[in-house]
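A.B. asks: This is the structure I have questions about; it appears just below.
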Amino acid sequence: MDVATQPKTRENDPAAAELEAGCRDLAARVKKASRAMALAGGAAKNAWLAASASALVARASEILEANARDVAAAPSLGLNAAAVDRLTLNTKRIGEMARSLTEIAAQADPIGEVVRSGRRPNGLEVTQVRVPLGVIFMIYESRPNVTVDAAAICVKSGNAAILRGGKEALHSNRALHRILADELARCGLPEHAVELVTTTDRAAVGHLLALPEFIDLAIPRGGESLIRRVVAEAKMPVMKHYQGICAVYVDQAADPEIATRIIVNAKAQRPGVCNAAETLLVHRAIAPTWLPKAAEALAAAGVELRGDAEAKAIVPSMTAATAEDWDTEFLDKILAVKVVDSIDDAIAHIGRHGSSHTETIVTRDLAAARKFVAEIDSSAVIVNASTRFNDGGQLGLGAEIGISTDKYHARGPCGLNELTSTKWIVYGDGQIRE
């Protein structure tokens, strides 16, 4: 092999060796901080959340200046309109980030919560208590508010965090992290409890994913390729969902006005997020009367419709859907539309093409709603409301660190409790096992 084509390793590339060593040092610092975080009191954590909320508002100009640099560079990185929207910060969104911190502060501290306890017949006092996971490695793209939410949820749940945002939001993330980190020591928390990976070298992610001795959980948020890379390389558990191919099924017993309101909101309010609807399934009995009006409302919201043959026959202005459309997370104002014969056909379609994220049924038929809820295997199943409600804040968890479609440990929006584990504490008085 020619020297020029050899892979970069510690042996032949000093810069690669330096990056790997730097990642290890970073992870070791955060692991040490996590031990102190596990002992941190609720008052100190809440003080940090309150101080950080105030600092975000007070230093908003600093954040906006950094964000403007990222937004200006977005076209050169090939970001579409939805991605630029996720990237963009303004005074309102900074205020929302600050409010999310105060909301998390108001949540009950999960650490030390007694899950169950009792006295065994042999006299042992047995208690199961909630404890932090340790170090959370968060890898995410585009949305700088994730820097704030992830740091806040990790700290409140007694964990330490390593944050690695995308290069498209580097300046924004640096500004936000600087503000959060400035408040840690002032509030009596370890200064390395929240660290930001500032290199844009993708190899850093791989180095960190190979450190299970320091990192307890990896959480990727972003495109499917990023998530699959993390799952393939991680030596520690991964909390994730691959895609948000969410469906809205409009049943034959749906209220037409409610159905229209729900699908427009589910698709168009924020099309670039994982709980936006990507597929509309319409019962044949209601399709001829309801679908034209719904299509008109969706078009007014700027949504492109891609329909199967029956949907296109009802609304000729639709683009013909391809086989790939049913398996695509558009993350844009595009919606795949299919007419189905029955609720069973809708459930079968979701089973074949869905991603187990979020599904909605619109119906006034209680039996149909119960059937849909029982048979759909997704992290959230919603009746007569938008898919956009599968969100930690909307479901009462405060801010979330992500949505999991896994079934082990955590499923759905992951908030404070989902970043904890438990341990058993047993008090005895000389008992031995016979």
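The values are calculated or read from the model by the stated rules, or taken from the named source; none is laboratory data. Quick caveat, the model's predicted, so the values are computed rather than measured. Glycine gets a Cβ as well: all are built from the backbone with ideal geometry, and neighbour counts include every protein chain shown. The protein model used for the area step is the full one, side chains on, heavy atoms only, and it has no ligands, DNA or RNA in it. Shrake-Rupley method; radii C 1.70, N 1.55, O 1.52, S 1.80 Å.
A.B. asks: Within the set of pairs 6 or more residues apart or between chains, which connect a residue that is without any contact (Cβ under 8 Å) to a residue 60 or more places away in the chain inside the stretch 75-97 to a residue that is open to solvent by 40 Å² or more (accessible area, probe 1.4 Å) with Cβ atoms less than 7 Å apart?
C.D. replies: Once the first residue is without any contact (Cβ under 8 Å) to a residue 60 or more places away in the chain and sits in the stretch 75-97, its partners that are open to solvent by 40 Å² or more (accessible area, probe 1.4 Å) give V84/V71; T88/V71; I94/V57; G95/V57.
A.B. asks: Would a scan of the stretch 184-193 turn up a residue that is modelled with pLDDT of 95 or more, in contact with an Asp or Glu (Cβ under 7 Å, 6 or more places away or on another chain) and more than 18 Å from M37 (Cβ to Cβ)?
C.D. replies: no
A.B. asks: Can you tell me which residue among A321, A294 is surrounded by 22 or more Cβ atoms within 10 Å (Cβ to Cβ) and closer than 22 Å to T358 by Cβ? Full working, then the answer.
C.D. replies: Details: A321 fails: surrounded by 22 or more Cβ atoms within 10 Å (Cβ to Cβ).
Sole residue among the options that is surrounded by 22 or more Cβ atoms within 10 Å (Cβ to Cβ) and closer than 22 Å to T358 by Cβ: A294.
A.B. asks: Next question. May I ask you to verify whether Q252 is of a type in the set (S, T, N, Q) and over 31 Å from the mean Cα position of the chain (by Cα)? It would help to see each step written out before you state the result.
C.D. replies: Numbers: of a type in the set (S, T, N, Q): yes; over 31 Å from the mean Cα position of the chain (by Cα): yes.
The answer is yes for Q252.
Residues are listed down the side, and each one gets a yes or a no for (1) touching a residue at least 60 places away in the same chain (Cβ under 8 Å); (2) more than 25 Å from G351 (Cβ to Cβ); (3) within 22 Å of the chain's Cα centre (by Cα):
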{"site": "D216", "(1), (2), (3)": "yes, yes, yes"}
{"site": "M239", "(1), (2), (3)": "yes, no, yes"}
{"site": "A247", "(1), (2), (3)": "yes, no, yes"}
{"site": "A268", "(1), (2), (3)": "yes, yes, yes"}
{"site": "N275", "(1), (2), (3)": "yes, no, yes"}
{"site": "P292", "(1), (2), (3)": "no, yes, no"}
{"site": "A311", "(1), (2), (3)": "no, no, no"}
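A.B. asks: Continuing with this model, one more query. Residues of the stretch 130-149 being open to solvent by 10 Å² or more (accessible area, probe 1.4 Å) and part of a helix (DSSP H, G or I), which ones?
C.D. replies: N145, D149
A.B. asks: Got a number for residues in the stretch 223-235 being open to solvent by less than 40 Å² (accessible area, probe 1.4 Å) and in contact (Cβ under 8 Å) with a residue 40 or more places away in the chain? Give the derivation first.
C.D. replies: Of the stretch 223-235, the ones open to solvent by less than 40 Å² (accessible area, probe 1.4 Å) are 223, 226-227, 230, 234.
Within this subset, residues satisfying the condition of being in contact (Cβ under 8 Å) with a residue 40 or more places away in the chain are 223, 226, 230.
Here the count works out to 3.
A.B. asks: Let me ask something else. Show the residue pairs that are 6+ apart or on different chains and have beta-carbon atoms under 6 Å apart, the first residue being within the stretch 156-170 and surrounded by 24 or more Cβ atoms within 10 Å (Cβ to Cβ), the second being of a type in the set (K, R).
C.D. replies: The qualifying pairs are K156/K45.
A.B. asks: Separate question: Need at least 2 residues that are exposed (fewer than 15 other Cβ atoms within 10 Å of the Cβ) and at pLDDT 90 or above per element, so show me which strands (runs of 3 or more DSSP E) inside the stretch 332-434 make the cut, counting only ones lying wholly within it.
C.D. replies: On the way: elements: 334-340, 358-362, 380-383, 402-404, 412-414, 420-427.
Ranges flagged: 420-427.
A.B. asks: Among the listed residues N46, N90, which satisfies the condition of being farther than 30 Å from H207 by Cα and surrounded by 18 or more Cβ atoms within 10 Å (Cβ to Cβ)?
C.D. replies: Details: N90 fails: surrounded by 18 or more Cβ atoms within 10 Å (Cβ to Cβ).
None of the others qualify; the one that does is N46.
A.B. asks: Being open to solvent by 40 Å² or more (accessible area, probe 1.4 Å) and either at pLDDT 95 or above or more than 17 Å from G188 (Cβ to Cβ) (or both): is that true of A83 here? Show your work before the answer.
C.D. replies: On the way: open to solvent by 40 Å² or more (accessible area, probe 1.4 Å): no; either at pLDDT 95 or above or more than 17 Å from G188 (Cβ to Cβ) (or both): yes.
It is false that A83 is open to solvent by 40 Å² or more (accessible area, probe 1.4 Å) and either at pLDDT 95 or above or more than 17 Å from G188 (Cβ to Cβ) (or both).
A.B. asks: Assuming R59 fulfils every condition listed in (1) open to solvent by 40 Å² or more (accessible area, probe 1.4 Å); (2) at pLDDT below 95 apart from one, which condition is it?
C.D. replies: Every listed condition holds for R59 apart from (2).
A.B. asks: If I ask for residues that are open to solvent by 20 Å² or more (accessible area, probe 1.4 Å) and part of a loop (DSSP other than H, G, I, E, B), which ones from the stretch 272-289 would you list?
C.D. replies: C274, R284, A285
A.B. asks: May I ask you to say which residue of A51, A40, A36, A47 is outside any helix (DSSP H, G or I), modelled with pLDDT of 95 or more and under 30 Å from A98 (Cβ atoms)?
C.D. replies: Details: A51 fails: outside any helix (DSSP H, G or I); A36 fails: outside any helix (DSSP H, G or I); A47 fails: outside any helix (DSSP H, G or I).
Residue meeting the stated conditions: A40.
A.B. asks: I'd like to know if the stretch 72-85 contains one or more residues that are among the hydrophobic types (A, V, I, L, M, F, W, C) and under 23 Å from G392 (Cβ atoms). Walk me through it before giving the result.
C.D. replies: So in the stretch 72-85, the residues among the hydrophobic types (A, V, I, L, M, F, W, C) come out as 72-74, 77, 79, 81-84.
Subsequent filtering for residues that are under 23 Å from G392 (Cβ atoms) retains 82-83.
Looking through the stretch 72-85, at least one residue is among the hydrophobic types (A, V, I, L, M, F, W, C) and under 23 Å from G392 (Cβ atoms).
A.B. asks: Among the residues of the stretch 93-129, write down those that are surrounded by 12 or more Cβ atoms within 10 Å (Cβ to Cβ), touching an Asp or Glu at 6+ places or on another chain (Cβ under 7 Å) and either more than 30 Å from K235 (Cα to Cα) or of a type in the set (D, E) (or both).
C.D. replies: Listed by number, the list holds a single entry, S100.
A.B. asks: Which condition breaks for P292 when tested against (1) within 23 Å of A320 (Cα to Cα); (2) assigned to a loop (DSSP other than H, G, I, E, B); (3) modelled with pLDDT of 95 or more?
C.D. replies: The number of the failed condition is (2).
A.B. asks: Anything in the stretch 10-28 that is part of a helix (DSSP H, G or I) and open to solvent by 30 Å² or more (accessible area, probe 1.4 Å)? List them, or say none.
C.D. replies: Residues of the stretch 10-28 that are part of a helix (DSSP H, G or I), as a first pass: 14-28.
Matches in the stretch 10-28: P14, A15, E18, L19, E20, A21, G22, R24, D25, A28.
A.B. asks: Which numbered condition trips up T200, out of (1) modelled with pLDDT under 95; (2) open to solvent by less than 30 Å² (accessible area, probe 1.4 Å)?
C.D. replies: (2)
A.B. asks: Here is a follow-up. For the stretch 171-190, give me the residue count where each residue is farther than 19 Å from A27 by Cα and crowded, with 19+ Cβ neighbours inside 10 Å.
C.D. replies: Going through the stretch 171-190 one residue at a time, the tally reaches 6.
So that you can scan it fast, the table gives a plain yes or no per residue for (1) in contact with a Leu (Cβ under 8 Å, 6 or more places away or on another chain); (2) farther than 25 Å from I153 by Cβ; (3) outside any helix (DSSP H, G or I):
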{"residue": "V30", "(1), (2), (3)": "no, no, no"}
{"residue": "N67", "(1), (2), (3)": "yes, no, no"}
{"residue": "A73", "(1), (2), (3)": "no, yes, no"}
{"residue": "I111", "(1), (2), (3)": "no, no, yes"}
{"residue": "V126", "(1), (2), (3)": "no, yes, yes"}
